[in-house]
Amino acid sequence: MGWLRRHGLFAVAAALLVTAAARDQLDDWVARTQLPPLVVATGAEVVARDGSLLRAFAVADGRWRLEPGPVDPAFVDMLLTYEDHRFWRHSGVDGLALIRAAGQSVLAGRVVSGGSTLTMQVARLLEEGPTGQWGGKLRQMRVALALERRLDKQQILDLYLRLAPYGGNLEGVRAASLSWFGKEPRRLTPAESALLVALPQSPAARQPDRNPGNAMAARRRVLDRALAAGLLDTEQAQGANSTALPMTRRPFPALAPHLTARLHRESPEALRIATTIDAGLQRAAEALARRAVAGQTAQITVAMLLADHRTGEILAQVDGAEWTNTARAGFVEMSGALRSPGSTLKPFVYGLAFDQGLAHPETLIEDRPVAFGAYAPQNFDRRFQGTVTVANALLASLNIPVVRLADALGPARLIAALDRAGAPLVVPGGQPGLAVALGGAGISLGGLVQAYAGLAEGGIAVTLSPLPERGGSTGRRFMGDVAAWQVGHILSQMPPPPGAVPGRIAYKTGTSYGHRDALAVGFDGAHVGGVWMGRADGTPVPGAFGGDLAAPLLFELFDRARAGGTPLPPPPSSTLILPNARLPEPLRRFRPPGEALAERAPDAPEMAFPPEGARIETPDGRLVVKVRNGVPPFTWLADGRPVAIARHESAIELDLPETGLVRLSVIDVQGRADSVNVVLQR
């Protein structure tokens, strides 16, 4: 009798509600309902450039609850057919269903069907209320009626799709679909839809990984109802019933884990963070990183970065080979860590030397023992090659020639240029020395790749960003276009790793002092990328060379990013492409500025105007220059680029489109020269 009394009261309450629906008192009763908060917290998502999920974050209490997003209409039809087929017609409480459920329960002596509408289930889920007590049911009816007056049907359905429980800490159809099937719920099979319809009724008892029998039986009941309603044909229902259940929960996507975590920290209130990351390329890069460390010691890790230097969009970023592996310091975002760049800064020294008219790729330079005060640089192999061209010195990554050029430039000029390129160097002690040219400073992989992006863009700084419309050209020039092309052309002649196609990527490798860092950085006509390998704690890795470890990964990364590759650009029209014998005399052999000054004859040409260090307004790009002494005809150069050839006048007007710091040089017929540095302003 106790059971009958409880369910009889439930039936009476239901009948009263149905009858009261026609009464005025119902309006006041419903209007006075205090609704629970209708805003449901969902976890933040970071998405790839195509909108696919890179990573999701749980809500504050650890539950996986996400915005539903697009949901397969067939799933919704199956859900409403099984749970509430009059959902679109009732006002929150289905009186017929309640009376039927009460009658079935009385006759059968047990609960046969619940009679709850989908709106009543939403009411219970919002309040996390009880399901079995009639007082709780009455509260759900009242809240359901109030919800129907406050929200439209689609909003109520969306709340259910967010809140329905699917076992453990899973809530909502999207979290369930990702966890049980590893896919978005926009396209579900009949078997998948049926399981997702069945689970919320008794998630703990029907979890397929714990109670596969219960899950199979519940899924079959949903499929039988769908077959009877004409949602499926017999063949579809039989196929769905024979489909295996998922036996384990899948981890949620966690592509680019360090990057996505940082973006989430930087915008903690954002529910959806769009990025420029290419999900397929990111997966490929992470797989490359894991493979690269598979045969290495436990502490070795990898960082990679690939971007489109034309737009500044970062396409893939790997900050560690195994982000959950503490032995590899997987928690460290290695693309932003300061490391020694090794020889990867050498191209910038050469480019600045080309810019300043100190050298040309075919200029001869000495690779012999030399000392700069107490500093006596050595080549990596402790050997000397004698007289070489500047291009070959860069290709062979010789140390002594690049230090000679850095000494002529001044290390501060290199640091300033990299700063303008958006790649600041951190110099030990704050005072740069000549060792900076060989990697004696700190820079991040991200900064280094950004500097190479500027080289690829003709000497104009590029900002690289994983956020849409945050990257791209800054318009800030740090190197002339001719010098940038000359450097890229030399680097494109670097021998590629075994099996790779030569000439497709302009790249440079680097190995830091003590074999702590192995690097490779390069670009083609569209992409720029970098690879770093080493230990996060900076411990030396004996035998680690950039060419052996990092370069093959760089080429594989580029291969994953393109179908046929984008060729490197042709030279600017003003590029001086000549053999050494046809170069102007001062460019045939490198001599430090002090040495050249000491050898100047009294009648050698001397720049009369403009003076050294002058700042000159050139609104139309025209500048009058003057030379005294020397034997005409004269050749004039701007940053090593000929701008007037074989002119007999001692004063002429030059057309100079350049702005900023420019090195002007004049050469007489005997090959004697003079130069000044000036700043041109518009």
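The values are calculated or read from the model by the stated rules, or taken from the named source; none is laboratory data. Remember, it's a predicted structure, so these values are computed and weren't measured experimentally. FYI the Cβ positions are ideal-geometry reconstructions off the backbone, even for glycines, and counts take in every protein chain you see.
Observations on the model:
- Close pairs from segment 602-619: first at negative phi and loosely packed, with under 15 Cβ neighbours inside 10 Å, partner of a type in the set (D, E, K, R) and part of a loop (DSSP other than H, G, I, E, B), Cβ under 8 Å, at least 6 apart: 617/682; 619/682
- One residue stands out in segment 22-81 among those that are closer than 22 Å to residue 188 by Cα and among the charged types (D, E, K, R): the one that is modelled with the lowest pLDDT, namely 67.
One line per residue, one yes/no per condition, for (1) on the phi < 0 side of the Ramachandran plot; (2) under 25 Å from the mean Cα position of the chain (by Cα); (3) of a type in the set (Ser, Thr, Tyr):
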{"site": "471", "(1), (2), (3)": "yes, yes, no"}
{"site": "480", "(1), (2), (3)": "yes, no, no"}
{"site": "503", "(1), (2), (3)": "no, no, no"}
{"site": "513", "(1), (2), (3)": "yes, no, yes"}
{"site": "528", "(1), (2), (3)": "yes, yes, no"}
{"site": "539", "(1), (2), (3)": "yes, no, yes"}
{"site": "552", "(1), (2), (3)": "yes, yes, no"}
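- Test: residue in segment 433-449 that is at pLDDT 95 or above, in a loop (DSSP other than H, G, I, E, B) and touching a helix residue (DSSP H, G or I) at 6+ places or on another chain (Cβ under 6 Å): no
- Candidates in segment 222-254 are the residues that are in a helix (DSSP H, G or I) and in contact (Cβ under 8 Å) with a residue 60 or more places away in the chain; of these, the one that is farthest from residue 185 (Cα to Cα) is 225.
- Considered as a group, the residues in segment 162-183 that are surrounded by fewer than 20 Cβ atoms within 10 Å (Cβ to Cβ) and out of contact with any strand residue (DSSP E or B) (no Cβ under 7 Å at 6 or more places or on another chain) include one that is nearest to residue 118 (Cα to Cα), and that residue is 168.
- When segment 521-559 is filtered for residues that are touching a strand residue (DSSP E or B) at 6+ places or on another chain (Cβ under 8 Å) and among the charged types (D, E, K, R), the ones remaining, listed by number, are 524, 535, 548.
- Residue satisfying all of: in segment 52-68; touching a residue at least 24 places away in the same chain (Cβ under 8 Å) and assigned to a loop (DSSP other than H, G, I, E, B); surrounded by the most Cβ atoms within 10 Å (Cβ to Cβ) among these: 66
- Close pairs (8 angstrom Cβ cut-off, 6 or more residues apart or separate chains): surrounded by 19 or more Cβ atoms within 10 Å (Cβ to Cβ) in segment 403-427, among the acidic types (Asp, Glu) anywhere: 404/366; 425/419
- Flag for residue 199 being closer than 21 Å to residue 85 by Cβ, touching a helix residue (DSSP H, G or I) at 6+ places or on another chain (Cβ under 6 Å), of a type in the set (A, V, I, L, M) and in a helix (DSSP H, G or I): yes
- Residue 639 vs. criteria among the charged types (D, E, K, R) and touching a helix residue (DSSP H, G or I) at 6+ places or on another chain (Cβ under 9 Å): yes
- Filter pass, residue 358 being among the hydrophobic types (A, V, I, L, M, F, W, C), surrounded by 24 or more Cβ atoms within 10 Å (Cβ to Cβ) and assigned to a loop (DSSP other than H, G, I, E, B): yes
- You will find that of 540, 502, 496, the residue that is under 27 Å from residue 332 (Cα atoms) and not small (Gly, Ala, Ser) is 540 and no other.
- Matching residues, segment 196-224, being of a type in the set (Lys, Arg) and either exposed (fewer than 15 other Cβ atoms within 10 Å of the Cβ) or closer than 20 Å to residue 121 by Cα (or both): 206, 210, 219, 221
- Meets criteria (more than 21 Å from residue 405 (Cβ to Cβ), among the small types (Gly, Ala, Ser) and in contact with a Gly (Cβ under 8 Å, 6 or more places away or on another chain)) for residue 581: no
- Segment 34-50 - residue that is part of a strand (DSSP E or B) and in contact with a Lys or Arg (Cβ under 6 Å, 6 or more places away or on another chain) and, of those, nearest to residue 141 (Cα to Cα): 45
- The lone criterion from (1) surrounded by 13 or more Cβ atoms within 10 Å (Cβ to Cβ); (2) touching a residue at least 60 places away in the same chain (Cβ under 8 Å) left unmet by residue 682 is number (1).
- Which numbered condition residue 383 misses (of (1) in contact (Cβ under 8 Å) with a residue 24 or more places away in the chain; (2) not in a helix (DSSP H, G or I)): (1)
- Residues located in segment 434-458, provided they are of a type outside the set (A, V, I, L, M, F, W, C), closer than 20 Å to residue 483 by Cβ and in contact with a Lys or Arg (Cβ under 9 Å, 6 or more places away or on another chain): 452, 454, 457, 458
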